Amino acid sequence: MSVKPNYIRPIDFKHGRVDMNHGAGGRAGAQLIEELFARAFDNPALRQGDDGAALDMPAGHRLVMATDGHVISPLEFPGGDIGCLSVHGTLNDVAMMGAQPLYLAASFILEEGFALAELKRIVESMAAAARDAGVPIVTGDTKVVERGKGDGVFIATTGVGALPAGRRIGGAQARAGDVVLLSGSIGEHGVAVLSQRESLEFETAIVSDTAALHGLVAQLLAAVPEGAVHTLRDPTRGGLATTLNEIARQCGAGMLLHEADIPVQPQVEAACELLGLDPLYIANEGKLVAIVAPEHAAAALAALQAHPLGRAATRIGVVQEDPHGFVQMCTRFGGRRVVDWLSGEPLPRIC
Amino acid sequence: MKYVDEFRDGAVARGLAAAIAAELQPDRRYSFMEFCGGHTHAIARYGVAELLPPQVRMIHGPGCPVCVLPIGRIDQAIQMALDQGAIVATYGDTMRVPASQSLSLMKAKARGADIRMVYSAADALKLARQNPQREVVFFAIGFETTTPPTALALRQAAREDLPNFSVLCCHVLTPSAITHILESAEVRQYGTVPIDGFVGPAHVSIIIGSGPYEHFAEEYRKPVVIAGFEPLDVMQAVLMLVRQVNQGRAVVENEFTRAVTREGNLAAQAAVAEVFELRERFEWRGLGEVPYSALKIRPAYARFDAELRFGLGYTPVPDHKKCECGAILRGVKRPTDCTLFGTVCTPENPMGSCMVSSEGACAAHYSYGRFRDIPVVSVPA
Ligand code: SF4
């Protein structure tokens, strides 16, 4: 007589929904982890099945750690979904320190009633993103909240990476005279997501630029002497404008940008025009700003452009002395203006 | 997007700037008011002011629908949502406008009010159909541009006999506001308004046409040039205004012929006339009460009038005592003349109407132009 290993019926990923049992810490939860998460994310550390993961770190490095919560509506959008976004977002935060991302942890908050089919798609997209990036998801957690208390899925991810001992890359390192480089056109992620929002749906060929940037960073850092890259930052929420203001405040200097050198795809420009939004404030998930010592700017720009994710990289301006930390911009039109912090959420204007 | 680029061409702009400078009479100053927030925004965002000769001064008028919305009206909307359980649907940028008791629609939403952002009056109708058990109120604000869609929504609601839809009508009228700026009692209090001419509204004029400004130009001896919202439109309009001033003329000219006619959109005007009538008094934020400057819903559509349906009373709420909006909107003062500017009053925490939306005079100067107030060392990039 053949004995079945256990008598649990496989999860119905086609029609099933998340229910409170999945979060109760019992069999159903274990089954969801086993049949979905562990299978999708499979790697030796995760396979241990313990509450944490014991990990190796390369010698002579410092540990970099970053964490990010992901809440996004809609959960799936042209060019990506919350799953791959939650991998890219955190990896990029680690990479912007100049570190090599090594491991990820993921925590899921699921809403009762959420379709398992959609969850499976999201988890598999997340697994693929982690695989492509070469960074395993080594530990995680799942909780279920009652219907109405979540937005389908929330994903929090934490990443760790290794930073060569002497490397110092950060907002405070930028200084007057440095050159500001941008890895490509702005606003695609934000516009792709907006285009799917209920009551706003519009047709656009724009897909999110969500991508893991550590390869691009590695190529950039390899092309210039250690210490030449002062700051790296991915302009996510708040867009390029907010990111540059953050850096200006950190380093106590101002910036002067040239609008004509900031690439914006025509469809992004058109969508922003229509909604009364400014692409400078729209989120990106696959772009970076690099602030580089002027003598190495040309090499740095060439290194970015030589990578598939940085093909459209440009030099957009310089860091300049300014105790007020203004980010100024020469407009395409020939005037000059401040590029201010975003105040509140960007909201479409009415007339 | 070639279309847009043509209107933002830096070389053409420099050419226009040179043409304006060449036509200026050396011994006089020129002050023009752009009524529309869209123009204010374009001037600030593209740095148009930098290109204009110093003799030409642009005065930012009250033409931002969000800025002129009085606090008392937002209080009404909040009251319906928070106290009477209605779903209040509104345009996005209305959400942030500060109301009484440190509230705003956005903050009321955080306290449990059901406030939905919509992109059109038709979306508000849709909400009413989808939520038959709830009262749905469309908080309708804006100038002549947003009025026709509200009128159409009201007509449609009547046709469907929608029992749970109503409109809090706060639509205001451009021409009466311009007149008010020139002749209200406050003009005496604030001093002479140094306005030599007006850059007329773009989108508003698509609806009402250029006709309504004719009597105005004649009566007040002020030239009006209707202009589009692109920065080159604004510069072209300035050139046309300078010419009129130099020649002693005061007529309505249309720079925006690609969209504006003398008659405007007659179908839209008819829809508005069917549904709305003039309000005798309406408070504008920053300008105070302006007679016959707004619309209310006609008795035939009374059952869709949120003010009647919810028995709303109106309580005016004054701006901060030190706020200079009134003088700024009339061109007598500049944002930096206000002691609250940039310290107490910022876009995150506006004290007066001019700081509310990025199209307001104070907010535009704060967000785009404040570096001009402070000498900044700049190295050429
Ligand atoms: S700075 Fe603020 S308080 Fe002062 S005039 Fe402008 S809006 Fe009013």
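The values are calculated or read from the model by the stated rules, or taken from the named source; none is laboratory data. If you're wondering where the values come from, they're calculated on a predicted model, not measured in any experiment. Note that each Cβ is placed from the backbone with ideal geometry, even for glycine, and that neighbours are counted across all protein chains shown. In case anyone asks, the SASA skips ligands and DNA or RNA and just uses the protein heavy atoms, side chains included. Shrake-Rupley method; radii C 1.70, N 1.55, O 1.52, S 1.80 Å.
Below 8 Å between Cα atoms, with a sequence gap of 6+, how large is the relative contact order for the range A:93-173 in percent?
55 percent.
With a 1.4 Å probe and every protein chain left in place, work out the accessible area per residue of the protein assembly as shown in Å², rounded to a whole number.
I get 41 Å² per residue for the protein assembly as shown.
Counting Lys +1, Arg +1, Asp -1, Glu -1, what net charge surrounds A:GLY177 among other residues with beta carbon under 13 Å of its beta carbon?
Net charge in that neighbourhood comes out at -3.
At a 10 angstrom cut-off on C-beta neighbours, averaged per residue, how do the peptides A:186-193, B:29-36 rank from highest to lowest?
Packing proxy ranking, top to bottom: A:186-193, B:29-36.
Using a 1.4 Å probe on the protein chains only, how many percent of the accessible area of chain B belongs to carbon and sulfur?
52 percent
In degrees, nearest 10, range 0 to 90: what is the angle between the Cα axis of helix A:214-223 and the longest Cα principal axis of chain A?
With rounding to tens, the tilt is 40 degrees.
Leaving out ligands, DNA and RNA, what percent of the accessible area of chain A is carbon and sulfur, probe 1.4 Å?
51 percent
Report the Stokes-Einstein translational diffusion coefficient (µm² s⁻¹, integer) for chain A, Rh taken as the Kirkwood radius over Cα pairs, at 20 °C with viscosity 1.002 mPa s.
Translational diffusion coefficient: 99 µm²/s.
Within 10 Å of each Cβ of B:36-44, how many other protein chain Cβ atoms are there on average?
For this peptide, the per-residue mean of nearby foreign Cβ atoms is 2.
Assuming R0 = 45 Å, can you tell me the calculated FRET efficiency for the pair A:ARG167 and A:HIS324, based on Cβ-Cβ distance, to the nearest 0.05?
That gives a FRET efficiency of 0.90.
Summarise the partner chain shielding of A:321-329 as one whole number: the mean count of Cβ atoms from other chains within 10 Å of each residue's Cβ.
Mean partner-chain Cβ count within 10 Å for A:321-329: 4.
Less than 13 Å Cβ to Cβ from A:GLN305, Lys/Arg counted +1 and Asp/Glu -1: what total charge do the surrounding residues give?
Local charge sum for A:GLN305: +2.
Shape of the range B:110-163 from its Cα gyration tensor (a ≥ b ≥ c, root eigenvalues): rounded if a/c is under 1.5, otherwise prolate when a/b > b/c, or oblate?
oblate
Please give, to one decimal in nm, the separation of the simple spin-label points placed at A:PHE202 and B:ARG129, each 7 Å out from Cα toward the Cβ.
2.2 nm
Summarise the long-distance tail of P(r) for the range B:127-281 by giving the % of C-alpha pairs beyond 27 Å.
Roughly 36 percent, rounded to a whole number.
Determine the calculated [θ] at 222 nm for the protein assembly as shown from helices alone, applying -39500 (n - 2.57) to every DSSP H run no shorter than 4 residues and normalising by the residue count; nearest 500 deg cm²/dmol.
-9000 deg cm²/dmol
Once you have the Cα-Cα distance between B:ALA273 and B:ALA22, take 0.36 nm times their residue separation minus that, and quote the gain in nm to one decimal.
Contour length minus the Cα-Cα distance gives 85.8 nm.
Using only the Cα atoms of the protein assembly as shown, build the gyration tensor, take square roots of its eigenvalues as a ≥ b ≥ c, and label the shape rounded, prolate or oblate: rounded if a/c is under 1.5, else prolate if a/b is larger than b/c, else oblate.
oblate
Out of every Cα pair in the range B:231-381, what percent are spaced more than 25 Å from each other?
Beyond 25 Å sits 58 percent of the P(r) for the range B:231-381.
Arrange the peptides B:287-294, B:89-96 so that the one whose residues have, on average, the most other Cβ atoms within 10 Å appears first.
The peptides rank, most packed first, as B:89-96, B:287-294.
Mind pulling the angle between the C-alpha long axis of helix A:116-133 and the longest principal axis of chain A? Nearest 10 degrees, somewhere in 0 to 90.
Helix A:116-133 sits roughly 50 degrees off the main axis of chain A.
Count charges around A:GLU226 for me, please; just the other residues with Cβ under 12 Å from its Cβ, Lys/Arg as +1, Asp/Glu as -1.
Cβ neighbours under 12 Å give a net charge of +2.
Any idea how far apart A:HIS15 and B:THR261 come out in nm if each label point goes 7 Å out from Cα toward Cβ?
Result: 6.0 nm between the two label points.
Please average, across the residues of B:113-123, the number of beta carbons from any other chain that are within 10 Å of each residue's own beta carbon, and give a whole number.
2
Accessible area, 1.4 Å probe, largest first: how do A:LYS120, A:LYS143 sort?
A:LYS143, A:LYS120
Between chains A and B, what is the buried accessible area summed over both chains (1.4 Å probe, protein heavy atoms, nearest 100 Å²)?
That pair hides around 3800 Å² of surface in total.
With the cut-off at 1.5 for a/c, could you classify the range B:73-113 from its C-alpha gyration tensor as rounded, prolate or oblate?
rounded
Suppose a student asked you for the relative contact order of chain A, using Cα pairs under 8 Å spaced at least 6 residues apart; what percent would you report?
20 percent
In Å, the Kirkwood hydrodynamic radius of chain B over pairs of distinct alpha carbons?
21.6 Å
Cα axis of helix A:82-95 to longest principal axis of chain A: angle in degrees, 0 to 90, nearest 10?
With both axes taken from Cα atoms, the answer is about 50 degrees.
So, by mean Cβ neighbours within 10 angstrom, what's the order for A:56-68, A:248-260 with the highest one leading?
Highest to lowest by the protection proxy: A:248-260, A:56-68.
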